[in-house]
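Reviewing the structure listed below.
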Amino acid sequence: MARPALQSGPALQSRPAPYIEDNLAAVRPCGFDPGQVSVPTLLLHGGRDRVVPQLAGEWLAGRIPAAELWLRPEDGHITVMAAGDDALRWLAETDGPNSTAQSGRDHP
């Protein structure tokens, strides 16, 4: 029995270049120093993320001075799908550089 042909959608039309570029991004410098980020930054990371290890989120949060990391054990790679409303609420309550937001506060 012949194998069915792969369905070619937009992600595959340009060959593997975008896929390769995404994978290389994980091992190259990001082009800026995270320690220079001077505004409150919310990072969300799913415990079931099989694309980016949790240590990557922890590493980044440890280098951004005003970072708040939400580790969400039941979420996967696209954490914002489950935490979007909470993240927007955090954003509305965060007053940019003048924020009193504290890392480690209770979060959903």
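Of the residues making up the stretch 42-86, those that are among the small types (Gly, Ala, Ser) and assigned to a strand (DSSP E or B) are 46, 67. Kindly establish whether residue 61 is in contact with a Leu (Cβ under 6 Å, 6 or more places away or on another chain) and either modelled with pLDDT of 75 or more or among the charged types (D, E, K, R) (or both). Considered against the rule, which asks whether it is in contact with a Leu (Cβ under 6 Å, 6 or more places away or on another chain) and either modelled with pLDDT of 75 or more or among the charged types (D, E, K, R) (or both), residue 61 comes out as yes. Scanning the stretch 70-77 turns up at least one residue that is within 21 Å of residue 92 (Cβ to Cβ), of a type in the set (Lys, Arg) and at pLDDT 90 or above.
The values are calculated or read from the model by the stated rules, or taken from the named source; none is laboratory data. This structure is a prediction, so every number in the text was calculated from the model and none was measured. Because the Cβ atoms are built from the backbone with ideal geometry, glycine has one as well, and the counts that use them run over all protein chains shown.
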